[in-house]
Amino acid sequence: MRRRIGLEELLEQAPAPASQTAAPQPRRPGHPDPREHGPRTEFEFELPLGYVDDDGTVHRHGAMRLATARDELMPQIDKRVKENPAYLSVVLLSHVITRLGTVTDVHAGVVEQMYATDVAFLQDLYQRINSEGHTRAAVTCPHCDGSFEVDLAGGRLGES
């Protein structure tokens with residue numbers, strides 16, 4: 001007879017991601033890093049307003065990695081998400097944002113303190129990179145009806 005297990009037990013039994021268990025291997029001279037030739041897994045961004053830390057420093061530039069299945073499953077067992085399903089995006093974003101300015105420990109408390117505009121931007125970026133694999137969007141100029149692409153991750157005008 002098969003025993004049914006819940007999501008919490010399944011996540012406990014799942015092996016930790018390789019990034020948490022394996023020590024980085026030194027690169028030998030003349031041998032390229034295999035990650036450099038695989039799919040792009042991290043995306044730079046620039047927040048519209050920026051996260052303001054306790055010292056008053058504004059952090060606008062950051063990076064978000066692609067989500068794993070584990071990233072999407074973990075919030076489902078989080079007590080805060082169970083109490084308030086809208087909190088799911090806060091927990092999820094805190095798992096995939098790898099840095100924000102000089103802040104390298106981006107946890108739910110950091111995301112909670114962000115402006116709603118920045119959280120909406122990050123939710124859109126998350127959706128775009130995890131479903132489409134890029135940060136570009138097709139747009140049309142409201143003045144000349146010309147079509148072109150913009151990079152939603154940010155950057156300065158005129159840069160490619």
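The values are calculated or read from the model by the stated rules, or taken from the named source; none is laboratory data. Please read all numbers here as calculations on a predicted model, not as lab measurements. Here the Cβ positions follow ideal geometry from the backbone for every residue, glycine too, while neighbour counts run over all protein chains shown.
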Query - the stretch 64-79 - residue that is of a type outside the set (Asp, Glu) and free of Cβ contacts under 8 Å to residues at least 60 places away in the same chain and, of those, farthest from ARG99 (Cα to Cα) - result: LYS79
Report summary line: Exactly one of ALA138, ALA116, ALA86 is more than 16 Å from MET64 (Cβ to Cβ), modelled with pLDDT of 95 or more and loosely packed, with under 12 Cβ neighbours inside 10 Å, and that residue is ALA116
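Does the stretch 45-59 contain at least one residue that is under 22 Å from GLU132 (Cβ atoms), of a type outside the set (A, V, I, L, M, F, W, C) and surrounded by 14 or more Cβ atoms within 10 Å (Cβ to Cβ)?
Taking every residue of the stretch 45-59 in turn, at least one turns out to be under 22 Å from GLU132 (Cβ atoms), of a type outside the set (A, V, I, L, M, F, W, C) and surrounded by 14 or more Cβ atoms within 10 Å (Cβ to Cβ).
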Query raised in the report: Given the structure, is ALA69 within 23 Å of GLU132 (Cα to Cα), of a type in the set (Gly, Ala, Ser), within 16 Å of the chain's Cα centre (by Cα) and at pLDDT below 95?
Result: yes
Query raised in the report: Yes or no: GLU46 under 13 Å from the mean Cα position of the chain (by Cα) and modelled with pLDDT under 95?
Result: no
